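Okay, structure first, notes after.
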Amino acid sequence: MSDYKYPKIDKKSKAPAFRERMSGNEAVSYAIRQIDPDVIAAFPITPSTEIPQYISKYKADGKISTEFVTVESEHSAMSACIGASASGVRAMTATSSAGMALMYELLYVAASDRLPVVMAAVNRALTGPININADHSDSMGARDSGWIQIYSENAQEAYDNMLMAHRIGEHPDVKLPVMICQDGFITSHAIENILLESDEFAKEFVGEYTPEKFLLNTKESLGVGPYGISPYYMEAKRGQEQAMENAREVIAQISKLYSDATGRLYDFFEAYRMDDAEYAILIMGSASGTAKDAVDNLRAEGKKVGLIKLRVFRPFPFDKIAQALSKVKGLAIMDRSEGFSASGGPLGAEVRSALYGRVDGIKTINYIYGLGGRDMRVRDFEDIYAEIMAIKADEIPELYKYYGVRER
């Protein structure tokens, strides 16, 4: 890691934070307005359409100086962001579902070219059959593309995560694109009461983007995205991997910096009532709040249950997850995406990998739930806790199962 110095922020001299009612899409758009990036290129797709819609209004009203590029497809949107970022400016986009899939080729390009593009990803099921509601199949399909992935439970987190995204991706030890995810319609369209920071504070926290190398630097010749011949390709991938490793420390540092200024701390995950928990659910996204209600209900009955809400999926916090689950007897891993591995979803695979060789003996079931926006109620999570608490000591539990399908 470099000796990069984080600028000090004197929040006392800034206007105070204030409360407002906003949807997740509006909250993310508000953060983007405060950041005022140099370039935004986007193509509308449900349920992220509102984000470029808000941005276009900000632009028309003279509230941002951003160059807003209305492109003909999501592939073109990411292409424009790559060109803008390579030229030395701050670039952003927003998309969902099939729009992200259309960007797929370019996601790898942005990451391999080490361009800190930021994407507002509003999670929606991938076709088919066609569906416009929430699950994580779009971003999980891009999990190995080299992007940092941060997931939001609610509009407040989506807003705060967006203000931290550029500081993380643009760090000289990272230089990777960042995806800020929230659940389509559930988070993106629901109105919540959230705390917004002042424009003055947001701009100072995010800071100016001053890349070391960029295409429009007339003093230095530079190529971006050259053909990676065999003697160099593998080293380029190793560099990306090191950047992702470095991102662990940078995410922790930026989260601490943000917490010191706002009082809202976002770690790699939230451990909810886990101090003495014997049974736990591990989950990401909007359903976390519903699961917390189930924890509270069962705690009132004297049952030692807890919850891990994963926030950062890439880089995956292997050691921290293993430590947090080290005293648990039973675990339910909740995947809002089917991995088609015949053994569970992508989150299930990552968590089991984290536990292997570090923590042994946990009775674990991977549940596939909520696909295509199917609801999960508090009593559904109570049912899941009951299932993992009922596993006998000498029993080998089912590897993974669907929860909420009619065959149940």
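The values are calculated or read from the model by the stated rules, or taken from the named source; none is laboratory data. Since this is a predicted model, take the numbers as computed values, not measurements. Here the Cβ is made from the backbone with ideal geometry for all residues, glycine too, and neighbour counts use every protein chain on show.
Below are the figures for this structure:
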read-out: Number of the exception - Pro317 against (1) out of contact with any Asp or Glu (no Cβ under 7 Å at 6 or more places or on another chain); (2) crowded, with 23+ Cβ neighbours inside 10 Å; (3) touching a residue at least 60 places away in the same chain (Cβ under 8 Å); value: (2)
read-out: Qualifying residue in the stretch 323-334 (condition: in contact with a Pro (Cβ under 7 Å, 6 or more places away or on another chain), crowded, with 21+ Cβ neighbours inside 10 Å and within 19 Å of Glu270 (Cα to Cα)); value: no
read-out: Residue match in the stretch 128-140 (condition: out of contact with any Gly (no Cβ under 7 Å at 6 or more places or on another chain), acidic (Asp, Glu) and part of a loop (DSSP other than H, G, I, E, B)); value: no
read-out: Residue in the stretch 349-378 that is surrounded by the most Cβ atoms within 10 Å (Cβ to Cβ), counting only those that are closer than 15 Å to Arg143 by Cα and in contact (Cβ under 8 Å) with a residue 24 or more places away in the chain; value: Val351
read-out: Residue list for the stretch 320-348, restricted to those being without any contact (Cβ under 8 Å) to a residue 12 or more places away in the chain and small (Gly, Ala, Ser); value: Ser341, Ala342
read-out: Top-ranked residue in the stretch 18-34 [being surrounded by fewer than 22 Cβ atoms within 10 Å (Cβ to Cβ) and hydrophobic (A, V, I, L, M, F, W, C); ranked as nearest to Arg90 (Cα to Cα)]; value: Met22
read-out: Selected residue [hydroxyl-bearing (Ser, Thr, Tyr), within 26 Å of Ser341 (Cβ to Cβ) and in contact (Cβ under 8 Å) with a residue 60 or more places away in the chain] from Tyr151, Tyr159; value: Tyr151
read-out: The one condition in (1) among the hydroxyl-bearing types (Ser, Thr, Tyr); (2) assigned by TED's automatic domain parsing to the domain that holds Ala252; (3) over 22 Å from the mean Cα position of the chain (by Cα) that Tyr6 fails to fulfil; value: (2)
read-out: Tally of residues being acidic (Asp, Glu) and crowded, with 16+ Cβ neighbours inside 10 Å across the stretch 35-73; value: 3
read-out: Checking Ala247 against (1) over 25 Å from Leu163 (Cβ atoms); (2) modelled with pLDDT of 95 or more, the condition it does not meet; value: (1)
read-out: Any hit, the stretch 243-254, residues being closer than 20 Å to Ile32 by Cα and outside the structural domain of Ser337 (by TED's automatic domain parsing); value: yes
read-out: Qualifying residues in the stretch 272-314 (those that are among the hydroxyl-bearing types (Ser, Thr, Tyr) and touching a residue at least 60 places away in the same chain (Cβ under 8 Å)) - the one surrounded by the most Cβ atoms within 10 Å (Cβ to Cβ); value: Ser286
